[in-house]
Amino acid sequence: PDMQFIDITHPHSNELAPWPGDTPFNFRLTATMRAGSSCNIGALTTSIHSGTHLDAPFHFDDAGVAIDAIPTERFVGPARVFAAPGHDEIPREVFAGLDGRATPRVLVATGSCDDKTVFPRHVPTLAPGVAAWLGEQGVTLIGLDVPSVDKLDSKTLPIHHALDAAGILILENLDLRGVAPGTYELIALPLRIVGADGSPVRAVLVKG
């Protein structure tokens, strides 16, 4: 059967609501053919954490590894999508049936803040102990449709640290609207930005 590609990346546009106080996403043309230039040339200014992006451990740990030092195979391979609507804290039960060795990447659709032109006031987070439990199951990457795996007012980022301690990478602000729970191949490659705390990604699920 034909492979189906499902884009789970929010469009990176100037409409994206930045994290309050962070650098907004801005794309502009610095040269245009319409104005007489030989070609169109764009310039981009953005926080690493605008739109769909990966966090490197360096984001929340000064001694953590930067995005360019993470092996590319971590971002590509079998994944399982779980639906978790209506939870303030996402319990272990959401991951019923998980075989973390077969699908070491897990994506969680909360449906809590799908409009990325508005920054949310509240996001659901993993319940206590779930990060460590996921690591014990063999999970190596978690992706969610929210801008942070921690509460938005958190200064200590305990869930970021718990996931890192469990060997789990963090993919944030996915667009999982209309994605059926189940097993897919994930492709979520970051840019190779030396020393960076993360990267925007083009995240795609492949079915078939």
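Quick notes on this one:
- Neighbours by Cβ (under 6 Å, 6+ apart or cross-chain): first from the range 80-109, under 14 Å from residue 140 (Cα atoms); second surrounded by 14 or more Cβ atoms within 10 Å (Cβ to Cβ) and hydroxyl-bearing (Ser, Thr, Tyr): 80/103; 104/140
- Taken together, the criteria exclude residue 203 from residues that are of a type in the set (Gly, Ala, Ser) and over 20 Å from residue 83 (Cβ atoms).
- Subset of the range 77-103 [β-branched (Val, Ile, Thr) and not in a loop (DSSP other than H, G, I, E, B)]: 81, 90, 94
- Residue in the range 132-146 that is free of Cβ contacts under 8 Å to residues at least 24 places away in the same chain and open to solvent by 10 Å² or more (accessible area, probe 1.4 Å) present: no
- Some residue of the range 158-170 being out of contact with any Gly (no Cβ under 8 Å at 6 or more places or on another chain), under 23 Å from residue 207 (Cβ atoms) and among the small types (Gly, Ala, Ser): no
- When 174, 157 are screened for being touching a strand residue (DSSP E or B) at 6+ places or on another chain (Cβ under 6 Å), crowded, with 18+ Cβ neighbours inside 10 Å and not acidic (Asp, Glu), only 174 passes.
- Note on the range 15-62: residues that are farther than 30 Å from residue 164 by Cα, of a type in the set (Ser, Thr, Tyr) and open to solvent by less than 50 Å² (accessible area, probe 1.4 Å) amount to 2.
- Tally, over the range 118-128, of residues that are open to solvent by less than 50 Å² (accessible area, probe 1.4 Å) and more than 18 Å from the chain's Cα centre (by Cα): 1
- Count - residues of the range 160-171 that are out of contact with any strand residue (DSSP E or B) (no Cβ under 6 Å at 6 or more places or on another chain) and either in contact (Cβ under 8 Å) with a residue 60 or more places away in the chain or of a type outside the set (A, V, I, L, M, F, W, C) (or both): 4
- Filter result for the condition that a residue is small (Gly, Ala, Ser), closer than 23 Å to residue 73 by Cα and open to solvent by 30 Å² or more (accessible area, probe 1.4 Å), over 165, 188, 180: 165
The values are calculated or read from the model by the stated rules, or taken from the named source; none is laboratory data. Since the structure is predicted, the reported quantities are computational estimates derived from the model, not experimental observations. Please note: Cβ atoms are built from the backbone with ideal geometry, for glycine as well, and neighbour counts cover all protein chains shown. Ligands, DNA and RNA are stripped out before the accessible areas are found, and what is left, the full protein with its side chains, is counted by its heavy atoms. Shrake-Rupley method; radii C 1.70, N 1.55, O 1.52, S 1.80 Å.
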